[in-house]
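Reviewing the structure listed below.
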Amino acid sequence: MYRREDSASEVNTADQIRASEAAARLTPSHTLETGVEALQAFPSAFLRSRKAALLFALTVFVATLLQVLAVPVTALVEGNREWGLIFPEPVVILLLVVGCMLQSAPLMLADRAPRWTVVLATLTYLALGVGLAVPSWLTGMYLVIALALFLLGTRLNPTISMVWALCVIAVTMAVIFVWLLLIGTSYSTATGFVLGESARFAAPAAGATALGIWWGAQTRRVTRAHEEAALAKEEHAQRVRDAQHEERARIARELHDVAGQHLAGLITLADAALTVAADSPDTALELVGEVRSEGRFAAASLAGALADLQDAGARKTDATATDIRRAPELAAYWRRIGMNVEMSIDGELQELPAVVSSTAYRALQEALTNVAKHSPGSSAHVKILANRERLDVVITNNLPATTVKEIPGISLGWGLAGMRERVELLQGTLTAGANASRQWQLAISIPMSTLL
């Protein structure tokens, strides 16, 4: 009987080798992307499907049953019907079929209960092998235990997985060894049998566990990489959205400032035309012509700002659109529409930080607009002083001798509070009020030491 069992073991080993070679030949060469998808899909996602899990367990059952029935079926074909077992041959075959079914069934639970899958697969093998006294017939069942250990290794950490594998190997071989001694097998024979069986059992069990540990580590690494990539993509998208929002807000401010400045000019010219219309019609007509020219210029400026708004982020805008270096152009603009503006610049404006230059320009823009609004007809004096320590901008204008009705609708929307807030963000100061010479004075001072 031992000779037949050894022969069957050799046949099973050869079958396993051929199956391994066939599997190696059938393994496809995936691209990296396909490999990642396969790595993530199997075994977790695969076994979560009830139909797929059932098909998987059925496939394992058939493969195991063919190997387990190899010895008894061969014996029946050869006409050997004296097996020396406690049950008749048909009953033994039926029990082998049921045992293979019971061992494969827990694989459907491997995704939710991998530990119980290993325990049930091992106990089924021991119950069948010891109960029927045919442990060497059941080497095919090692496949199921190895698969259970593989699935366990994909889910647990490496240390726990290896402990489980060692315990399964040790307990299984210990039970078989004790059983052999209990049925009267000599110590040396039992030892030799267990050592040989240990090698056949431990190799697939340990290999499957190691493969499961590796597979689990790769799956977790890929999942983590995908999560990090998704997070980075979302962060990038958020930064793009923030940048677009900031760019649109900047262009909206620019649009508002352009509209406010030109509106102030148009109202000033129109007011002047109305003032002189009765006494000097020709001058009034000239002023109306200026209003028309200014309106065209304003329309062109607004069209450009609207184009920037529609194409925010798609092209670069003029970096000096709100730059204190353009203060002379701003003064020339107000002179052109009738305000007397005197300006002096002391120092180099080219090296100023962009945020300082932009803030100073907008404050100057607002201040001159306020002169036109609150003191129409008065002169404005602008003094700009720039050095390595600070930037000072002082705007003064004569207070009206009598109460003058201010021109409504002229404002860039900043106001003193808005200007002061922006200047203080740069650790600067803003003061406004009447000075000793009975002039209205607005002064801003921004230190450079905290910005350079």
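The values are calculated or read from the model by the stated rules, or taken from the named source; none is laboratory data. Predicted model only: the values in this text are computed from it and were never measured. Every residue, glycine as well, gets a Cβ built from its backbone with ideal geometry; the counts of neighbours run over all protein chains shown.
Filtered by the rule that a residue be surrounded by 19 or more Cβ atoms within 10 Å (Cβ to Cβ), more than 46 Å from the chain's Cα centre (by Cα) and assigned to a helix (DSSP H, G or I), segment 101-141 gives 124, 125, 128, 129, 132, 135, 136, 137, 138.
In segment 144-186, the qualifying residues are those that are of a type outside the set (A, V, I, L, M) and in contact (Cβ under 8 Å) with a residue 60 or more places away in the chain, and the one that is surrounded by the fewest Cβ atoms within 10 Å (Cβ to Cβ) is 155. In segment 189-210, the residues that are not assigned by TED's automatic domain parsing to the domain that holds residue 141 never reach a residue that is among the small types (Gly, Ala, Ser) and part of a helix (DSSP H, G or I) with C-beta atoms less than 6 angstrom apart, at least six apart or across chains. Looking only at segment 380-403, decide whether some residue is surrounded by fewer than 14 Cβ atoms within 10 Å (Cβ to Cβ), within 19 Å of residue 271 (Cβ to Cβ), β-branched (Val, Ile, Thr) and modelled with pLDDT under 85. Scanning segment 380-403 turns up at least one residue that is surrounded by fewer than 14 Cβ atoms within 10 Å (Cβ to Cβ), within 19 Å of residue 271 (Cβ to Cβ), β-branched (Val, Ile, Thr) and modelled with pLDDT under 85.
So that you can scan it fast, the table gives a plain yes or no per residue for (1) part of a helix (DSSP H, G or I); (2) hydrophobic (A, V, I, L, M, F, W, C); (3) surrounded by 15 or more Cβ atoms within 10 Å (Cβ to Cβ); (4) modelled with pLDDT of 80 or more:
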{"position": "226", "(1), (2), (3), (4)": "yes, no, no, yes"}
{"position": "230", "(1), (2), (3), (4)": "yes, yes, no, yes"}
{"position": "240", "(1), (2), (3), (4)": "yes, yes, no, no"}
{"position": "256", "(1), (2), (3), (4)": "yes, no, yes, no"}
{"position": "267", "(1), (2), (3), (4)": "yes, yes, yes, no"}
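Quickly run through segment 335-387 and pick out the residues that are among the charged types (D, E, K, R) and either touching a residue at least 12 places away in the same chain (Cβ under 8 Å) or part of a helix (DSSP H, G or I) (or both). Reasoning before the result, please.
Restricting attention to segment 335-387, the residues satisfying the condition of being among the charged types (D, E, K, R) are 335-336, 342, 346, 348, 351, 362, 366, 373, 383.
Residues satisfying the conditions are 335, 336, 342, 346, 348, 362, 366, 373, 383.
Kindly indicate whether residue 185 is farther than 27 Å from residue 58 by Cβ and not in a helix (DSSP H, G or I). So residue 185 fits the description; yes.
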